[in-house]
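Asker: One structure coming up, written as structure tokens, with questions to follow.
The values are calculated or read from the model by the stated rules, or taken from the named source; none is laboratory data. Computed from a prediction, not measured in an experiment: that's the story for all the values here. So basically every Cβ, Gly included, is an ideal-geometry build from the backbone, and we count neighbours across all protein chains shown. Please note that ligands, DNA and RNA were not included when accessible areas were found on the heavy atoms of the full protein model with its side chains. Shrake-Rupley method; radii C 1.70, N 1.55, O 1.52, S 1.80 Å.
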Amino acid sequence: MLRLGLTGGIGAGKSEVSRLLTSYGAVLIDSDRIAREVVEPGTPGLAAVVAEFGPEVLTPDGGLDRPKLGGIVFGDPDRLRALNAIVHPLVRARSAELEAAAGPDSIVVHDVPLLVENGMTALYDLVVVVDASPETQLDRLVRLRGMAESEARERMAAQATRERRRAVADVVIDNDGPLEQLEPQVRRVWQTLRERAASGS
């Protein structure tokens, strides 16, 4: 099994790289998706969040009110640590289950937005960083996701710098250009991953 950590700044295009790698045969473990699953209604994770933050973080139908919770933890490191102490162990446990089910010959891609920020590089055989300039990130967030420019800049500033991400990368995928320039790069990376997995190195 080859374990790949995939990361990139918001708006860099990491989701598209994940999609391409999956289409080639990689097993994708998406930490953001798992983080949502472990706090769905009826889960011990949601019960723990409510015990910590109170019932006001629930929607009327009993789900997690993410904007409300985000408003509580954003900008408050202590409250964010409390949330992470609940969610992160659950995400790690579920990720381990999915990885174990993938099979010994799999190439497993862990899509982890905050891989660098959380000091997780040592957990993977390789770290792949999807890179784009801040100007490109900002344009995509505003034009494609409909974010206000101030919100986009705030979200970008809350993440690791471009230089810090590139410094820990084993492979950098340049996604500053159009989509048609991305696919050949990802295909070459996939070929390298297959060769490395086959050699067992």
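Asker: Within the stretch 11-47, which residues are touching a Leu at 6+ places or on another chain (Cβ under 8 Å) and under 15 Å from V189 (Cβ atoms)?
Answerer: Listed by number, the residues that qualify are G13, K14, E16, V17, S18, L20, L21, T22, A26, L28.
Asker: Identify all residues within the stretch 23-57 that are under 18 Å from R81 (Cα atoms), among the small types (G, A, S) and not in a loop (DSSP other than H, G, I, E, B); write none if there are none.
Answerer: S31, A35, G45, A47, A48, A51
Asker: Any chance you could count how many residues in the stretch 123-136 are in contact (Cβ under 8 Å) with a residue 12 or more places away in the chain and open to solvent by 10 Å² or more (accessible area, probe 1.4 Å)?
Answerer: So the answer is 7.
Asker: In this structure, does V127 turn out to be modelled with pLDDT of 95 or more and either closer than 15 Å to A12 by Cα or acidic (D, E) (or both)?
Answerer: no
Asker: Every residue in the stretch 99-123 that is assigned to a helix (DSSP H, G or I) and among the charged types (D, E, K, R), please.
Answerer: Passing the criteria: only E99.
Asker: Which one of these does A160 not meet: (1) at pLDDT below 95; (2) open to solvent by less than 30 Å² (accessible area, probe 1.4 Å); (3) in contact with a Lys or Arg (Cβ under 8 Å, 6 or more places away or on another chain)?
Answerer: Result: A160 passes all but (3).
Asker: Identify, from the list G146, G177, G119, the residue that is touching a helix residue (DSSP H, G or I) at 6+ places or on another chain (Cβ under 9 Å) and either among the hydroxyl-bearing types (S, T, Y) or exposed (fewer than 13 other Cβ atoms within 10 Å of the Cβ) (or both).
Answerer: The conditions single out G177.
Asker: So which residues in the stretch 170-185 are within 22 Å of L123 (Cα to Cα) and either in contact (Cβ under 8 Å) with a residue 60 or more places away in the chain or in contact with a Ser or Thr (Cβ under 8 Å, 6 or more places away or on another chain) (or both)?
Answerer: Listed by number, the residues that qualify are V171, I173.
Asker: To continue, here is another question. Run down L20, L6, L80 and say which single residue is in a helix (DSSP H, G or I), among the hydrophobic types (A, V, I, L, M, F, W, C) and at pLDDT 95 or above.
Answerer: Just one listed residue meets the conditions, L20.
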